[in-house]
Amino acid sequence: MTKEQLRQFFVDQGGQAFRGNQVHEWLWQRSAHSFGEMTNVSKEGRRLLEEHFVINHIRVDQMQRSSDGTIKNAVRLHDGLVVDSVLIPTETRTTACVSSQVGCSLDCRFCATARMKRMRNLNPDEIYDQVVAIDNESRLYFDRPLSNIVFMGMGEPLMNYNNVLKAIDMITSPEGLGMSPKRITVSTSGVPKMIRKMADEQVKFKLAVSLHSAIDEVRTSIMPFNATFPLKDLREALQHWYQMTKNRITYEYVVWEGINDNLEAVEALVKFCRFAPSKVNLIEYNPIEEGEFRQASTQAVAMYQQTLERNGITVTVRRSRGKDIDAACGQLANKI
Ligand code: SF4
């Protein structure tokens, strides 16, 4: 409920509106899991809350720590379903990788989450609470607050756009975590209509696109929904995004053996990147059980890096984190 709705509730019950502010603060800033914790709310107020509402809070059921410091949380939702979220520490920052859906309706062939069917969208508070849980872990284990958030966990965030947006509003609000939207990246597999909508709404967070191939045939073979949203539509939507926001576009890209580890694929990527300032993250691939995809050779990755750099495109090679606990990109499939 919004703060206004909470204030109205107390007024309707013959109480005072400011009680709504207190409850709102307990829920969003202090992450209260029960009404009993809300000690500055009168006994009667707490009784009314108990009578009318439940707090559907999340619970970290299992926490696994990787040898590289990465932490994976199995997050149990109020209805028993489970999603994963991951804390990724580096020397200078702590990044939370959060889920936006239980399972995924898309069917990327290299992704463990795709093997679970989409069960439901996460609510804004469930997304927000994953961030709070990781912020707490960051303070506890690394002695610093969370610095960045990426929507790269389970699910396609643009298929749950309204709830993701509401969660980001609270994450960036001074009444929530007060984080800068510039520290938040929403990563999409590329839903053109939603990218246009985000551009029109002039959102302040960053956008990343999981591209993996700039050749329709190849992309459709690894990300079958590309048949519905072909690269031409994606490029036009991204052009619109750039015109409206003037923000550089980041592409996430994995090089697989026998799929896109050739010169034709690199050249297509260079061409695709031409219309706007771009950055390419070359991500190391993490095998999933019974998966047929294999990380390409170091030479193939070096060929990508050199060709992109030669064409003035910023490129970084991302080493994978949390592989030993199945917390790395493409591996999330709640195994508990
Ligand atoms: S890569 Fe992302 S969009 Fe594709 S199936 Fe996995 S979770 Fe869904």
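Would you mind working out the accessible area per residue for the chain, using a 1.4 Å probe, and quoting it in Å²?
For the chain, the solvent-accessible area averages 46 Å² per residue.
Relative contact order for the chain using alpha-carbon pairs under 8 Å, separation at least 6, rounded to a whole percent?
On the way: 626 pairs, mean separation 50.2, N = 336.
That works out to 15 percent.
What figure, in Å² to the nearest 10, do you get for the accessible area of C97 with a 1.4 Å probe and non-protein molecules left out?
Roughly 10 Å² of C97 is accessible to a 1.4 Å probe.
Over all alpha-carbon pairs in segment 1-93, figure out the percentage whose distance exceeds 24 Å.
Percent of Cα pairs beyond 24 Å in segment 1-93: 40.
Sort the following peptides by mean Cβ neighbour count (other Cβ atoms within 10 Å, averaged over residues), highest first: 130-137, 156-163.
130-137, 156-163
Give, as ranges by residue number, the residues of segment 257-287 whose backbone N falls under 13 Å from the point 7 Å along Cα→Cβ of T307.
258-273
What is the Å³ per residue value for the convex hull set by the Cα atoms of segment 39-185? The partial results should precede the final answer.
On the way: hull volume 20.5 nm³, N = 147.
Dividing the Cα hull volume of segment 39-185 by its residue count gives 139 Å³.
Mind checking the full-extension length gain between M244 and S173? Use 0.36 nm per residue of separation minus the Cα-Cα distance, one decimal, nm.
Working it through step by step, the gained length comes to 23.2 nm.
By accessible area of protein heavy atoms, probe 1.4 Å, what ranking do E50, E91, E252 get, highest first?
The residues order as E91, E50, E252, largest area first.
Helix 124-142 versus the longest principal axis of the chain: what angle, 0 to 90°, nearest 10, using Cα atoms?
80
For H212, tell me the accessible area in Å² from a 1.4 Å probe, rounded to the nearest 10.
Taking all protein chains as shown, H212 has close to 10 Å².
With angles folded into 0 to 90 degrees, how steeply does helix 18-28 sit against the dominant principal axis of the chain? Use alpha carbons for both and round to 10.
Approximately 40 degrees, to the nearest ten.
If I compute solvent accessible area with a 1.4 Å probe over the protein chains, what percent of it on segment 156-301 is carbon and sulfur?
Carbon-and-sulfur percentage of accessible area, whole number: 50.
Once fully extended, how much extra length lies between V317 and V54, figured as 0.36 nm per residue of separation less the alpha-carbon to alpha-carbon distance?
90.1 nm
Output the direction-averaged projected area (hull surface divided by four) of the convex hull of the alpha-carbon atoms of the chain, in nm².
With every direction weighted equally, the projected area is 17.6 nm².
Given labels modelled 7 Å from the Cα in the Cβ direction, how far is it in nm from E201 to V11?
The two pseudo-label positions are separated by 2.7 nm.
For segment 172-265, what does the relative contact order come out to in percent, with C-alpha contacts under 8 Å and a separation of six or more?
On the way: 111 pairs, mean separation 30.0, N = 94.
Once divided by the residue count of segment 172-265, the mean separation gives 32 percent.
Using a ≥ b ≥ c from the Cα gyration tensor of segment 197-312 (square roots of the eigenvalues), is it rounded, prolate or oblate, where a/c under 1.5 gives rounded and otherwise the larger of a/b and b/c decides, a/b for prolate?
prolate
Can you compute the FRET efficiency between M1 and R93 using 1/(1 + (r/R0)^6), with r the Cβ-Cβ distance and R0 = 41 Å? Round to the nearest 0.05.
According to the calculation, E is roughly 0.80.
When the helices in the chain are scored as -39500 (n - 2.57) per DSSP H run of 4 or longer and the sum is shared across all residues, what 222 nm value do you end up with, to the nearest 500 deg cm²/dmol?
Dividing the helical sum by the residues of the chain leaves -10500 deg cm²/dmol.
Note down the accessible area of D261, probe 1.4 Å, to the nearest 10 Å².
50
Angle between the Cα long axis of helix 298-310 and the longest principal axis of the chain, 0 to 90 degrees, nearest 10?
90
Using each residue's phi in segment 200-215, evaluate 6.51 cos²θ - 1.76 cosθ + 1.60 at θ = phi - 60° and report the 3J(HN,Hα) Karplus result to the nearest Hz, with x for Gly and Pro.
Going residue by residue, I get 5, 7, 6, 4, 9, 7, 8, 10, 10, 10, 7, 8, 6, 6, 10, 10 Hz, with x marking Gly and Pro.
Residue separation times 0.36 nm, minus the C-alpha to C-alpha distance between K43 and E236: what's the value?
Extending this stretch completely gives an extra 63.8 nm.
In whole percent, how big is the carbon plus sulfur part of the accessible area of segment 23-152, probe 1.4 Å, protein atoms only? Display every interim value, and only then the final one.
Details: 2830 of 5850 Å².
Using a 1.4 Å probe with all protein chains present, segment 23-152 comes out at 48 percent carbon and sulfur.
The values are calculated or read from the model by the stated rules, or taken from the named source; none is laboratory data. As the structure is a computational prediction, the values presented were derived from the model and not from experiment. Cβ atoms come from the backbone with ideal geometry, glycine included; neighbour counts cover every protein chain shown. The accessibility values were calculated without ligands, DNA or RNA, using every heavy atom of the protein model including side chains. Shrake-Rupley method; radii C 1.70, N 1.55, O 1.52, S 1.80 Å.
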